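Here the structure comes first, spelled out in structure tokens, and everything after it is commentary.
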Amino acid sequence: MVDILPSQIQRWQAVELAAREHFYRSGFQEIRTPLLEVTELFSRSIGEATDVVSKEMYTFSDRGDRSCTLRPEGTASVVRSVIEHGLLNQGQQRFWYSGPMFRYERPQAGRLRQFHQIGVECFGMNSPRCDVEVVAMAWDLLNSLGLRNLVLELNSLGTIEDRKNYRTKLVDWLQDRCEDLDADSQQRLQTNPLRILDSKDLNTQALLRDAPKLEGSLCNESATRFADLQQALEALQIPFNINPRLVRGLDYYCHTAFEITSDQLGAQATVCGGGRYDGLVEQLGGSTTSGIGWAIGMERLVMLLDDSMKGSSSPDAYLVNRGKHGETQALVLARELRASGLAVELDGSGSTLGKQFKRADRCGAPWAIVLGDDEVNSGQVRLKRLHLDKDSSSASEVLVSSSDLDELVALLRS
């Protein structure tokens with residue numbers, strides 16, 4: 001768990017601002033859920049046999065001897081909330097969320113024990129066109145942020161019955177080759193065999209090339225749905241790869257499963273992942289309601305962004321002030337300028353003018369406002385241009401009447 005420092009936060013804010021704009025244009029509303037939920041919510045939704053529930057959750061008993069868990073992902077909490085507050089009775093719903101999640105796993109590049117996600121959840125829309133709209137929004141957001149070499153990985157998990165049939169075929173095939181699997185996959189063979197398809201072990205990956213494919217177990221309806229999904233993506237000119245081993249790590253997925261990856265960090269890394277979960281609402285006590293969503297990992301995404309995504313944290317002006325009357329008037333002037341929409345950093349150190357000017361240079365502001373006792377007595381404010389080009393014809397200093405706030409604001413904005 002790490003701190004996000006002011007020098008890093010600019011990229012985070014740039015991503016959050018871009019995401020909010022995409023969500024607004026697509027008709028999504030923000031929802032905020034607690035960090036802490038009852039443990040049963042995640043064990044029922046994510047699945048007891050998943051790594052998240054069995055190995056990675058921060059779970060403890062509170063003073064009322066209730067088992068509580070810091071949320072390891074966002075979907076289950078959103079589903080719980082919309083059921084609890086009757087939002088599904090109001091027709092189709094589109095939500096987005098952001099915030100910290102918690103998993104006790106091995107920290108690595110872009111993956112921490114407290115990590116942050118931005119995600120979306122849609123309810124009551126069963127058409128594959130909805131799947132495409134949701135995927136397209138993630139694709140367009142990542143592209144707008146300047147990410148390169150994006151790859152959309154796509155698979156269909158079919159219905160629950162399709163997965164049961166496939167699970168039987170896969171387990172039969174793997175049991176005959178159990179000794180050739182890595183240790184983790186041998187354990188998963190008894191608990192969550194579909195997760196073996198996502199193994200990172202090279203020998204297991206090579207073995208799985210000849211394993212039965214999930215597409216061979218899809219019923220006609222599931223296969224048609226998957227074909228319609230691909231056709232719609234082609235109509236939007238969004239390229240994709242069919243990845244029959246993509247199953248995602250949570251039990252609630254059905255039909256569409258997808259990931260968007262990038263190789264900008266070296267090895268191909270997942271930036272966004274999601275899929276359809278039509279049975280989850282009912283599983284958690286709600287009415288039969290279709291659902292689909294995705295989540296973007298902020299830490300990994302921020303690592304992929306170049307310096308062009310940095311917002312500017314430099315103020316419009318740095319207010320250098322000195323003397324009893326100058327320091328008092330500086331407080332008044334800073335407040336007035338900020339009320340006019342300008343970012344003004346006020347030096348409160350009381351140090352010499354030379355030291356204050358050095359800080360003004362370092363902060364990156366284009367202007368220094370100088371206000372001392374002499375300026376107060378003369379009824380003027382001195383503006384000094386910082387970082388002035390040698391070839392510039394602009395005056396390095398300007399005197400402005402302290403009573404003419406409009407002119408002062410106009411100069412600082414020029």
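Every number in this text was worked out from the coordinates using simple rules, so none of it is lab data. Everything quoted here is computed from the prediction, not taken from an experiment. In this analysis, Cβ positions are derived from the backbone assuming ideal geometry, glycine residues included, and neighbour counts consider all displayed protein chains.
Structure summary
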read-out	value
Peptides 327-336, 85-94, 138-147 ordered by average Cβ neighbours within 10 Å, highest first	138-147, 327-336, 85-94
Region 317-413 - share of DSSP beta bridges that are antiparallel (%, nearest 5)	50
Top of 211, 18, 339 by mean-square fluctuation, Gaussian network on the chain, Cα under 10 Å	339
Loop-located trypsin sites (Lys or Arg not before Pro) in region 203-248 whose Cβ has at most 12 other Cβ within 10 Å (DSSP)	209
Cut-off 12 Å between beta-carbons: net charge of the residues surrounding residue 189, Lys and Arg +1, Asp and Glu -1	-2
Highest average packing first - 50-57, 298-305, Cβ atoms within 10 Å	298-305, 50-57
Summed residue charge, Cβ within 13 Å of residue 271's Cβ, Lys/Arg positive, Asp/Glu negative	-1
Cα-based shape type of region 317-413, given that a ≥ b ≥ c are square roots of the gyration tensor eigenvalues and the cut on a/c is 1.5	rounded
Anisotropy class of region 1-41 from Cα gyration tensor, a/c 1.5 cut	oblate
Semi-axis lengths, Å, the chain, gyration tensor of Cα atoms, sqrt of 5 times eigenvalues	55, 22, 21
Charge dipole (the chain, unit charges on Cβ, about Cα centre) - positive-most of 352, 414, 212	352
For the chain, calculated [θ]222 nm from helices alone, where every DSSP H run of n ≥ 4 adds -39500 (n - 2.57)	-11500 deg cm²/dmol
